[in-house]
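First up is the structure itself, then whatever we jot down about it.
The values are calculated or read from the model by the stated rules, or taken from the named source; none is laboratory data. Remember, predicted model here, so these are calculated numbers, not experimental data. Neighbour counts are summed over all protein chains in view; Cβ atoms, including those assigned to glycine, are modelled from backbone coordinates with ideal geometry. Side chains are part of the model used for accessible areas, which takes the heavy atoms of the whole protein and leaves out ligands, DNA and RNA. Shrake-Rupley method; radii C 1.70, N 1.55, O 1.52, S 1.80 Å.
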Amino acid sequence: MRFFVNAKFDFIGRRRPAYIGTAIFMVLGLVITVVRGLNYSVEFTGGTLMQIHSQAPIDVGAVRTGLADQGITGAEIQTFGNDQELVIRARVAVEGSDADNTQVTSAAVAAALDGVLGAGSYDVVRTEAVGPKVGGELRSQAFFAIMLSFLAVLAYLAYRFEWRFGVAAVAATAHDVIATLLFIGIMRLEISLFVVAGILSVLGYSLNDTIVIFDRIRENLRQSRRDDFVAILNRSINETLPRTILTGGTSLGTLIALAVIGGEVIRPFALVMLFGVVV
């Protein structure tokens, strides 16, 4: 099954609007991300995560006030699927208490919820804890994993292609990864290990598609040395377009399903991959 078999789109001729669109998105995304900051999960920041389920809708504002009364300030509170389920990420700020003590934090959160919701009217679905040292190490390792992947890509491209293809492929892959990171900042997606996996998947996905196109360009350059270079580029992209559409389309179908019905935990990964594939 092949779509766009005889496609003759002038991709290179549309590059300037693409540059402008990318520049606008990059600038806006960078400003929003710098102003609001990134939303790291408890895995990277350290602290205690508690997911609770109540028998009745929960007033997030009342819960925040109750936590403040217990000495928990700056807690992250968000609904989890519906207004009867919450995820609370917190660290105790009471003088004399260890902010990284999970038992102290859990007890303080439970006391706040008892006061707001009533004892016995909610269930603790899960409790997770990560120390700040472990969280910092995970954040460093995630950054290292992304950079190591980039270096491996550089080494591979230097071996596989001539330098101008390698530079272009790195620029294209960097564009996709940076755009995805800015998308995460704009959407305030929680950066967890799932999201890091999504970023690395986008890197691999982008590189794979780029190399397929560059292989075709290299073949066409050898066969049509006298043809116009821009014409060769356009022809190569159009010749690989059926593969790009089918691969991207099947991936998007799966990712949309994951984003819609995959649940709260897998949804950030699916959204990151969904945006990455589209970009």
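Examine segment 225-235 for a residue that is part of a helix (DSSP H, G or I), touching a helix residue (DSSP H, G or I) at 6+ places or on another chain (Cβ under 7 Å), under 27 Å from Ile199 (Cα atoms) and without any contact (Cβ under 8 Å) to a residue 60 or more places away in the chain, and state whether such a residue exists. I'd like the intermediate steps shown before the answer.
Our first condition is that a residue be part of a helix (DSSP H, G or I); within segment 225-235, this holds for 229-235.
If we keep only those that are touching a helix residue (DSSP H, G or I) at 6+ places or on another chain (Cβ under 7 Å) as well, we get 230, 232-235.
Filter again for under 27 Å from Ile199 (Cα atoms), leaving none.
For segment 225-235, residues part of a helix (DSSP H, G or I), touching a helix residue (DSSP H, G or I) at 6+ places or on another chain (Cβ under 7 Å), under 27 Å from Ile199 (Cα atoms) and without any contact (Cβ under 8 Å) to a residue 60 or more places away in the chain: absent.
Within segment 125-140, is there a residue that is polar (S, T, N, Q) and touching a residue at least 60 places away in the same chain (Cβ under 8 Å)? Taking every residue of segment 125-140 in turn, at least one turns out to be polar (S, T, N, Q) and touching a residue at least 60 places away in the same chain (Cβ under 8 Å). Just one of the listed residues (Gly204, Gly198) is assigned to a helix (DSSP H, G or I), buried (at least 21 other Cβ atoms within 10 Å of the Cβ) and of a type in the set (Gly, Ala, Ser), and it is Gly198.
The residues of segment 60-93 that are charged (D, E, K, R) and in a strand (DSSP E or B), listed by number, are Glu76, Asp83, Glu85, Arg89. Every condition in (1) surrounded by fewer than 18 Cβ atoms within 10 Å (Cβ to Cβ); (2) among the polar types (S, T, N, Q); (3) touching a residue at least 40 places away in the same chain (Cβ under 8 Å) holds for Thr210 except the one numbered (1).
Within the set Leu271, Leu203, the sole residue that is closer than 21 Å to Ala18 by Cα, under 13 Å from the mean Cα position of the chain (by Cα) and in contact (Cβ under 8 Å) with a residue 40 or more places away in the chain turns out to be Leu203. Selection of segment 29-58 for residues being without any contact (Cβ under 8 Å) to a residue 12 or more places away in the chain and more than 19 Å from Arg139 (Cα to Cα) yields Val31, Val35.
Filtered by the rule that a residue be of a type in the set (Gly, Ala, Ser), on the phi < 0 side of the Ramachandran plot and surrounded by fewer than 18 Cβ atoms within 10 Å (Cβ to Cβ), segment 46-89 gives Ala56, Gly61, Ala62, Ala68.
The sole residue among Ala152, Ala179, Ala169, Ala158 that is open to solvent by 70 Å² or more (accessible area, probe 1.4 Å) and of a type in the set (Gly, Ala, Ser) is Ala158. For segment 103-113, the count of residues that are assigned to a strand (DSSP E or B) and either open to solvent by less than 50 Å² (accessible area, probe 1.4 Å) or at pLDDT 80 or above (or both) is zero.
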